[in-house]
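The values are calculated or read from the model by the stated rules, or taken from the named source; none is laboratory data. Remember, it's a predicted structure, so these values are computed and weren't measured experimentally. Note that we place each Cβ from the backbone using ideal geometry, even for glycine, and neighbour counts take in every protein chain shown.
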Amino acid sequence: MKHLTFIFIFILLWSNVYSQHKEESGVNLPKFYKGKMHFGFAIAYNNTNFKIHTVKNSAFPDTLIDSVRYGMKTVLTNSDPGFALGIISDFKLHEYVRLRFTPNISFASRSIQYKLQNAKFDSTRIYKKSVESTFLIFPAELKLQSKRLDNFGAYIILGGGYTLDLATKKKGINSIGGASQLEDAVNLKRDDYFYSGGAGVDFYLQYFKLGLECKVINGTKNLLNKNQNIFSNSVDKVNSKMFVFSITFEG
């Protein structure tokens, strides 16, 4: 919620700047979309998390820890903020339709928390596994933009793409506390395919176009590599999801 508030405040401030700029110098970059292609770059904030599909409670496995038998109680996820850097290639398909290829490198972190409880409900164990990722993301998207209103425009964006996680092999070593079997509890696959959707606004400055964009990315593959332990066997499927707020600069 905090990052959404920041976004709205940022948009309002820039709208005020543009109103003042228009009064002074009129319409900026009037021929911006005359060409078939243009380029740019983007910096982005991201919030990445897992969508965990657990097995039914009745089927949760149990395990022996320090001579006490524990069963899985809950599996929860938490996300941390990350950032991304990317380049933009924009191709004109129609007056109001653009094809955009925006490869980027994205750094993300999230964690999975397991809560175990014994049969008498008088002993609880909590284990946390941190998962850090370095993604190479290759999105291909359609940008459906509105008619330009002076130095302002709005758009929606839809598409999909491919994700490669460069840090996959390192994830087994980054656990906090817990049984030794947590080390290999959630081994994730390297590759994923996703679909995405979002919306944004464009502001036409004197020398370049500034864009503010919010987008949601949902992974389609089950990323979980199963291992025979309580942590892995309590999870049926793991999908990735990401919220991205981008600031784009295009010339």
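Does at least one position in segment 54-61 carry a residue that is surrounded by fewer than 17 Cβ atoms within 10 Å (Cβ to Cβ) and in contact with a helix residue (DSSP H, G or I) (Cβ under 6 Å, 6 or more places away or on another chain)? Break it down into steps so the answer makes sense when it comes.
Of the residues in segment 54-61, the ones surrounded by fewer than 17 Cβ atoms within 10 Å (Cβ to Cβ) are 54-59, 61.
The next check asks that each one be in contact with a helix residue (DSSP H, G or I) (Cβ under 6 Å, 6 or more places away or on another chain); those that pass are 61.
Taking every residue of segment 54-61 in turn, at least one turns out to be surrounded by fewer than 17 Cβ atoms within 10 Å (Cβ to Cβ) and in contact with a helix residue (DSSP H, G or I) (Cβ under 6 Å, 6 or more places away or on another chain).
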- Query: Does any residue in segment 189-213 that is among the aromatic types (Phe, Trp, Tyr) come within less than 7 Å, Cβ to Cβ, of a residue that is surrounded by 15 or more Cβ atoms within 10 Å (Cβ to Cβ) and in a loop (DSSP other than H, G, I, E, B) six or more places away or on a different chain, and which pairs are these?
  - Reply: 193/221; 203/151; 204/28; 204/29; 204/32; 204/151
- Task: For residue 62, work out the one condition from (1) of a type in the set (D, E, K, R); (2) farther than 30 Å from residue 118 by Cβ; (3) at pLDDT below 90 it doesn't fulfil.
- Result: (2)
- Message: So if I check each of 207, 193, which one is exposed (fewer than 15 other Cβ atoms within 10 Å of the Cβ), of a type in the set (Phe, Trp, Tyr) and outside any strand (DSSP E or B)?
- Response: 207
- Query: Taking segment 223-251 as the search range and keeping residues that are surrounded by fewer than 15 Cβ atoms within 10 Å (Cβ to Cβ) and over 18 Å from residue 85 (Cβ atoms), which one is farthest from the chain's Cα centre (by Cα)?
  - Reply: 228
- Task: Would you mind stating whether residue 111 is over 13 Å from the mean Cα position of the chain (by Cα) and more than 15 Å from residue 246 (Cα to Cα)?
- Result: yes
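In segment 128-149, which residues are part of a strand (DSSP E or B) and touching a Phe, Trp or Tyr at 6+ places or on another chain (Cβ under 7 Å)?
Here is the first cut: in segment 128-149, the residues part of a strand (DSSP E or B) are 128-145, 149.
Residues satisfying the conditions are 134, 138, 140, 143, 144, 145.
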- Item | residue 125 being surrounded by 17 or more Cβ atoms within 10 Å (Cβ to Cβ) and either over 21 Å from the mean Cα position of the chain (by Cα) or outside any strand (DSSP E or B) (or both) | yes
- Just give me the residues in segment 41-76 being assigned to a strand (DSSP E or B) and among the basic types (Lys, Arg), in sequence order. 51, 69, 73
- Filtering segment 112-138 for residues that are of a type in the set (S, T, N, Q), modelled with pLDDT of 90 or more and over 11 Å from residue 73 (Cα atoms) leaves a count of 2
- Cross-chain or 6+ apart pairs with Cβ under 9 Å, segment 12-39 first and over 26 Å from residue 102 (Cα atoms) and among the charged types (D, E, K, R), then surrounded by 15 or more Cβ atoms within 10 Å (Cβ to Cβ) and at pLDDT 50 or above: 22/28; 22/151; 22/152
- Restricting the search to segment 77-102, which residues are part of a loop (DSSP other than H, G, I, E, B) and surrounded by 15 or more Cβ atoms within 10 Å (Cβ to Cβ)? 96, 102
- Within segment 65-89, can you find the residues that are aliphatic (A, V, I, L, M) and over 15 Å from residue 114 (Cα atoms)? 68, 84, 85, 87, 88
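When you go through 22, 92 one by one, which is the residue that is modelled with pLDDT under 90, charged (D, E, K, R) and under 30 Å from residue 145 (Cα atoms)? Spell out the reasoning first.
Numbers: 92 fails: modelled with pLDDT under 90.
One residue alone meets the criteria, 22.
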